[in-house]
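Trainee: Have a look at this one before I ask anything.
Read-outs throughout are calculated quantities, based only on the coordinates presented, and are distinct from any laboratory measurement. These numbers were taken from a predicted model, which means no experiment stands behind them. Note: ideal-geometry Cβ built from the backbone for every residue, glycine included; neighbour counts use all protein chains shown.
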Amino acid sequence: MAPALKRFAAPEEVMKVRQSLEGRLDGNRPRLAICGDTGCTVCGADGLAAAVKEVMERKDPAGRLELKVTGCLGFCEQAPVVLVFPGAYFYRKVKAADAEEIVEKALLQEGPVARLLYTDPSSGKKIACAGEIPFYRHQERVLLDANWHVNPLDIYDYLARGGYAALLKVLGGMSPGEVLGEMKEARLRGRGGAGFYTWLKWELCRTRAGSKKYVICNADEGDPGAFMDRSLLEGNPHAVLEGMLIAGYAIGAVEGIVYLRTEYPTAVAKLDQAVRQARELGFLGEDILGSGFAFDISIVRGAGAFVCGEETALIRAAEGKVGEPRQKPPFPAESGYRGRPTVINNVETFANVPLIVNRGAVAYRAAGTENSGGTKIFCLVGKVNNSGLVEVPFGTPLRKIVFDIGGGIKGGKRFKAVQTGGPSGGCLPEEKLDLRVDFEDLAGAGSIMGSGGMIVMDEDTCVVDVTRYFLNFLKDESCGKCFSCRVGVDRMLEIVGGITEGAGSEEDLALLEELALVVKDTSMCGLGQTAANPVLSTLRYFRSEYLAHVREKRCPAKVCRALFRYRVDEDLCSGCGFCARECSAGAIGEGPDGLYLIDPAVCNRCGVCVEACASDAITKE
């Protein structure tokens, strides 16, 4: 039973309550953890949680078994997922109908429900404990570890894991300069994509004149297929608030803002509750814990514009203006929100700050590289067996992420490329799989770290078509203020689109490369400056695929509709006619021998016939 929310007036009161919470999150206590992240919720986690509660009320009136609806447990491919303690048994694709058996086994502590366990595809063996599953075993979960144990709606769970201890340590005797020194020694770099050293940004803001300064958390996560920040906010929001508090103390700010896109309703609700709880307990507001330090946090909802991930555009949007970037300098640390000195970091950056203060910079940077300390969270998605949320130290090779954690390519297909950094990132081929995940190494290879998106592609992927997709996204998301970005990205899309439709030439490839370099060098903000990466990286590593499109009018992956056609294999066709009945274009007719033929002049290559054919007789050529 959690104590009633009562404002702490001094650090001693926090410590007393924390002592009373000892053992609350003990891994040996019988407990079920159901993933309540957006992904699992979409797959039925809410109904599962309700069913488990109902069974527990019937079979466990004494309350021996505890239920926690947590944040993201990571292995999204297997959603909905459940962890059972003690033992950390991992159940996959759980349904509400499984609730009875799960609760009974947990109460009797008879071991796991075997049919719900994960099966290793390489060995065919079932694995009971989460830590033994390759997806988890090859990670180093530091930030994400709390998601296995903490109810994000309960501040006392966060306190039980040592939450706000870093804030107490800072307020109890560290000067702002000492806090900055720890950030510098830890080599903490911004996780939003640019990789700017956190301590330096804070120092620039701290030394600026002015009585009022701001701390802004950039939670405007807009990369397709990326959900790192959302999962941190949904799973452990107090870690982000504590990081912002420490940043505010270090730079002399009294106000913080979380700029969070409205498309994340679950994250908005959980963060709003976290702010209210922190304020009620005295971690936010005036005279925090009797220290004289004042700091409060508000939430600003954004409309979901990709360009608002750029700090100056975000500031304008937070002020209620159109989200457009502006020229720098002045930098936000000099003149930001409402013209005041402002520090902007993203969600993951702030979540790292309490870890550094608690563990010490030397211990923190034991993971990582010489230039980048700590771990990085990635969203591993695409044609990979194990998709989900992945946390690894900086310096981890791409190969380990894709094949050891990700389990390799689906369906035994051949690996083709991995795209890092979201729509503005680059596509890296197989020969780059041993590249270390680091800001400098990825940039040198023609890609970027970005905020942490990682899309794996197999042999059936056309990189020209992928480039077209990302350019189309960037064109739509460009604010239009900058001529080189507004017109340049549109023109690149026009050229790449023509190539996918069989209208390209080798002269187009030369023009495309030249145009990409111009857009990169002359655009004002990060969106335009990195918009060329998909083009330049695919031309660099997959030029032969472009040449096949323009010279042979052929798409090697058979993806671009204008460059392939469907045909019926007469040896496999059964003459059932399902394909003809489903074809809305009327392109399929019965031949004289009772078999079916496709007229390529009429066929619109929608692919419905392939799905309708039970004998797999329709192929691409």
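Trainee: Sort largest first and round to whole Å: the equivalent ellipsoid semi-axes of segment 565-620, each the square root of five times a Cα gyration tensor eigenvalue.
Mentor: 15, 12, 10
Trainee: For every other residue with a beta carbon closer than 9 angstrom to the beta carbon of TYR364, add +1 if it is Lys or Arg and -1 if Asp or Glu, then tell me the sum.
Mentor: On the way: positive: ARG187, ARG359, ARG365; negative: GLU182, GLU185.
Every neighbour counted, the sum reads +1.
Trainee: With Cβ to Cβ distances under 9 Å as the rule, what net charge do the other residues near VAL84 carry (K, R +1; D, E -1)?
Mentor: In short, +2.
Trainee: Size of the dipole of segment 375-461 about the Cα centre, Lys and Arg at +1 and Asp and Glu at -1 on the beta carbon, nothing else charged, in debye to 20?
Mentor: Values: 10 positive and 11 negative charges, 44 e Å.
The dipole of segment 375-461 has a size of about 220 debye.
Trainee: Here's another thing I want to ask about it. What does the charge add up to near GLY323, with Lys and Arg as +1, Asp and Glu as -1, over the other residues with Cβ less than 13 Å from its Cβ?
Mentor: 0
Trainee: Here is a follow-up. Given only helices, namely DSSP H runs of n ≥ 4 each adding -39500 (n - 2.57), what is the per-residue ellipticity at 222 nm of the chain, to the nearest 500 deg cm²/dmol?
Mentor: Taking each H run of at least 4 residues, the total per residue is -11000 deg cm²/dmol.
Trainee: By per-residue mean of other Cβ atoms within 10 Å, what is the highest-first order of 20-30, 178-188?
Mentor: 178-188, 20-30
Trainee: While we're here: Filter LYS270/LYS432; LYS95/LYS125; LYS270/LYS400; LYS95/LYS620; LYS59/LYS410; LYS16/LYS68 down to the pairs with a C-alpha to C-alpha distance above 31 Å, please.
Mentor: LYS270/LYS432; LYS270/LYS400; LYS95/LYS620; LYS59/LYS410
Trainee: Just the projected area, averaged over all directions, of the convex hull on the alpha carbon atoms of segment 464-551: how many nm²?
Mentor: Mean projected area for segment 464-551: 4.8 nm², to one decimal.
Trainee: Taking Rh as the Kirkwood radius, which is the inverse of the mean 1/r over Cα pairs, what is the Rg/Rh value for segment 1-157?
Mentor: 0.99
Trainee: Also, I was wondering about something else. Calculate the dipole size of segment 464-551 relative to its Cα centre from +1 charges on Lys and Arg beta carbons and -1 charges on Asp and Glu beta carbons; express the result in debye to the nearest 20.
Mentor: The calculated dipole for segment 464-551 is roughly 240 debye.
Trainee: Please report the spacing between the Cα centers of segment 355-429 and segment 1-51 in Å, no decimals.
Mentor: 29 Å
Trainee: If the cut-off is 16 Å between C-alpha atoms, which aspartates and glutamates fall inside it for LYS383, apart from same-chain ones fewer than 8 positions away?
Mentor: Counting by Cα, and skipping residues close in sequence, LYS383 has these aspartates and glutamates nearby: GLU77, ASP404, GLU430, ASP458, GLU459, ASP460, ASP465.
Trainee: Quick one: of the DSSP bridges fully inside the chain, what percent are antiparallel, nearest 5? Intermediate results must be reported in sequence, preceding the final value.
Mentor: Working: 37 of 64 bridges.
In the chain, approximately 60 percent of DSSP beta bridges are antiparallel ones.
Trainee: Moving on. Can you work out the base-10 log of I(q)/I(0) for the chain at q = 0.08 1/Å, using the Debye formula on its C-alpha atoms alone?
Mentor: -0.64
Trainee: What is the set of long-range amide H partners of ILE216 at a cut-off below 5 Å, with H atoms built 1.01 Å from backbone N?
Mentor: Distant-sequence amide H within range of ILE216: ILE257, VAL343, ILE344, ASN345.
Trainee: Tell me, Kirkwood radius of segment 284-412 from alpha-carbon pair distances, in Å?
Mentor: Every distinct Cα pair counted, the radius reaches 18.2 Å.
Trainee: May I pose another question? Name the residue farthest towards the positive end of the dipole of the chain from the options GLY426, CYS603, VAL559, assuming +1 on Cβ of Lys and Arg, -1 on Cβ of Asp and Glu, about the Cα centre.
Mentor: GLY426
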